[in-house]
Amino acid sequence: MKEWGLNIVIVRCFSFIRPFMPLDAHFAIGNFIRDALKGGSIVIESDGTKITSYMYAEDFPISSLGMLIISILFSKIFYSV
């Protein structure tokens, strides 16, 4: 957006972890926790090219507020996808 003089940062929040997350569903992090609690190995079926980070669900509103404050103080526009 530099052509319009806008300074934009895109924030893409994707993988969340939360209390009472199912440990036997299709969520990888739930399966990792389940396997660790059972004392088993954590198995990652991947070729290693994808990197996923997880955010605790309660941290999202705090992070969003922080981005809003930074955008006001430093004249940056943040867009959360």
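Figures for the structure shown
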item	result
Built amide H within the under 5 Å cut-off of residue 16, gap 5+	55
Note, ³J(HN,Hα) from phi for segment 52-63, Karplus 6.51, -1.76, 1.60, rounded to Hz, x at Gly and Pro	10, 10, 10, 10, 5, 3, 6, 7, 4, x, 5, 5
Listed peptides 58-66, 44-52, 24-32 by packing density, highest first (mean Cβ within 10 Å)	24-32, 58-66, 44-52
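Read the figures in this text as sums done on the coordinates, not as results from a lab. In this text, all values refer to a predicted model and were calculated from it rather than measured experimentally. Cβ coordinates were reconstructed from backbone atoms using ideal geometry, including for glycine residues, and neighbour counts include every protein chain displayed.
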